[in-house]
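The structure under discussion appears below in the form of structure tokens.
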């Protein structure tokens, strides 16, 4: 199965959350922000490590904020601290996955311009 199909299968298996079974998480606090339509602008900043089995292969997943990382299955010990490695992309399937909805991207751009 190619990387795009694996990512899509994981998206489907986790209902788009990229959080699978056996989830372990950090415990940082944050304050939710919503736009004028009541849509969430801020995502949970905690790192969530979990896994999902697709077609008899177990994939490690790390989710933080609006981003997800799917680790190559040969790295069974992959975890959130790997996100900080300078060569992180060598261990990923499909690179860093941007889960931000368009309205969040627009809001973030607006925030940058206001700063």
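The values are calculated or read from the model by the stated rules, or taken from the named source; none is laboratory data. The structure presented is a predicted model; accordingly, all values stated were derived computationally and were not measured. Because the Cβ atoms are built from the backbone with ideal geometry, glycine has one as well, and the counts that use them run over all protein chains shown.
So, restricting to strands (runs of 3 or more DSSP E) that lie completely within segment 1-100, which ones have at least 1 residues that are surrounded by 10 or more Cβ atoms within 10 Å (Cβ to Cβ), over 14 Å from the mean Cα position of the chain (by Cα) and without any contact (Cβ under 8 Å) to a residue 24 or more places away in the chain? Write out each step before concluding.
Numbers: elements: 21-25, 48-54, 57-64, 67-70.
By residue number, 48-54, 57-64.
Determine, yes or no, whether residue 66 is touching a helix residue (DSSP H, G or I) at 6+ places or on another chain (Cβ under 7 Å) and at pLDDT 95 or above. In short, yes.
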